[in-house]
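Single-structure report; data block below.
The values are calculated or read from the model by the stated rules, or taken from the named source; none is laboratory data. The structure presented is a predicted model; accordingly, all values stated were derived computationally and were not measured. All Cβ positions, even for glycine, are placed from backbone atoms using ideal geometry, and neighbour counts span all protein chains on display.
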């Protein structure tokens, strides 16, 4: 992918007092080694968590922060794109459907039924991350996650966007 490409990673945090802060980090490279922008969006009210309806809670904050980020070529989400081999949509599938962007889901825990998710080990960890995708081949998604910047199990991009969602401050790289 050429000059001027921008790639995003998103996360949402729900403080105990209510509301939600969505975060977006934008990188100039597919490894997410060079972060060029960070954005947050605050929503005073969000839907309560409902099992099986996680996406309904996450989409409004993600819409708000993605509107601040400009054009992107690809998006990483903390979670699953689809929840089972039959394609039951997860958060990433809804984001892909709304934005048309290729979306890679990177989940930290195994989801029952998500037997199609590819386990990826990084750094010295024996605990895998679980990768799913939409708008690109699963093998391409796995390769991108393996190559993400950072020497630990959790890629730096996911660690940093989580910190941004929690604090509202772009953490040092």
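Look at residue 38 and say whether it is buried (at least 17 other Cβ atoms within 10 Å of the Cβ), in contact (Cβ under 8 Å) with a residue 40 or more places away in the chain and part of a loop (DSSP other than H, G, I, E, B).
Values: buried (at least 17 other Cβ atoms within 10 Å of the Cβ): yes; in contact (Cβ under 8 Å) with a residue 40 or more places away in the chain: yes; part of a loop (DSSP other than H, G, I, E, B): no.
Against the criterion (buried (at least 17 other Cβ atoms within 10 Å of the Cβ), in contact (Cβ under 8 Å) with a residue 40 or more places away in the chain and part of a loop (DSSP other than H, G, I, E, B)), residue 38 does not qualify.
Scanning region 81-113 for residues that are closer than 20 Å to residue 153 by Cα and part of a loop (DSSP other than H, G, I, E, B) gives 81, 108, 109, 110, 111.
Quick one: is residue 110 surrounded by fewer than 17 Cβ atoms within 10 Å (Cβ to Cβ), in contact with a strand residue (DSSP E or B) (Cβ under 9 Å, 6 or more places away or on another chain) and touching a residue at least 12 places away in the same chain (Cβ under 8 Å)? In short, yes.
If you check residue 69 against the conditions, is it surrounded by fewer than 23 Cβ atoms within 10 Å (Cβ to Cβ), assigned to a loop (DSSP other than H, G, I, E, B) and at positive phi?
Here the answer is no, as residue 69 does not meet what is asked.
Taking the condition of being assigned to a loop (DSSP other than H, G, I, E, B) and crowded, with 22+ Cβ neighbours inside 10 Å, how many residues in region 144-164 meet it?
Residues that pass the stated criteria total 2.
The residue that is farthest from residue 83 (Cα to Cα), among those in region 47-59 that are surrounded by fewer than 17 Cβ atoms within 10 Å (Cβ to Cβ) and out of contact with any helix residue (DSSP H, G or I) (no Cβ under 8 Å at 6 or more places or on another chain), is 56.
Tell me whether region 136-143 contains one or more residues that are in contact (Cβ under 8 Å) with a residue 60 or more places away in the chain and over 12 Å from the mean Cα position of the chain (by Cα). Within region 136-143, one or more residues are in contact (Cβ under 8 Å) with a residue 60 or more places away in the chain and over 12 Å from the mean Cα position of the chain (by Cα). Looking at region 86-107 only, could you name the residues that are out of contact with any helix residue (DSSP H, G or I) (no Cβ under 9 Å at 6 or more places or on another chain) and either surrounded by fewer than 22 Cβ atoms within 10 Å (Cβ to Cβ) or more than 18 Å from residue 67 (Cα to Cα) (or both)? Of everything in region 86-107, those that are out of contact with any helix residue (DSSP H, G or I) (no Cβ under 9 Å at 6 or more places or on another chain) and either surrounded by fewer than 22 Cβ atoms within 10 Å (Cβ to Cβ) or more than 18 Å from residue 67 (Cα to Cα) (or both) turn out to be 86, 88, 97, 100, 107.
Summed over region 120-143, the residues that are in contact with a strand residue (DSSP E or B) (Cβ under 6 Å, 6 or more places away or on another chain) and either more than 27 Å from residue 63 (Cβ to Cβ) or part of a strand (DSSP E or B) (or both) give a count of 9. Residue by residue through region 32-67, note down the ones that are over 16 Å from the mean Cα position of the chain (by Cα) and under 18 Å from residue 157 (Cα atoms). Matches in region 32-67: 34, 36.
To keep it simple, each residue is scored yes or no on (1) modelled with pLDDT of 95 or more; (2) more than 18 Å from residue 107 (Cβ to Cβ); (3) in contact with a strand residue (DSSP E or B) (Cβ under 9 Å, 6 or more places away or on another chain).
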residue	(1), (2), (3)
1	no, yes, yes
4	no, yes, no
10	yes, no, yes
13	yes, no, yes
49	no, no, no
54	no, no, no
71	yes, yes, no
76	yes, no, yes
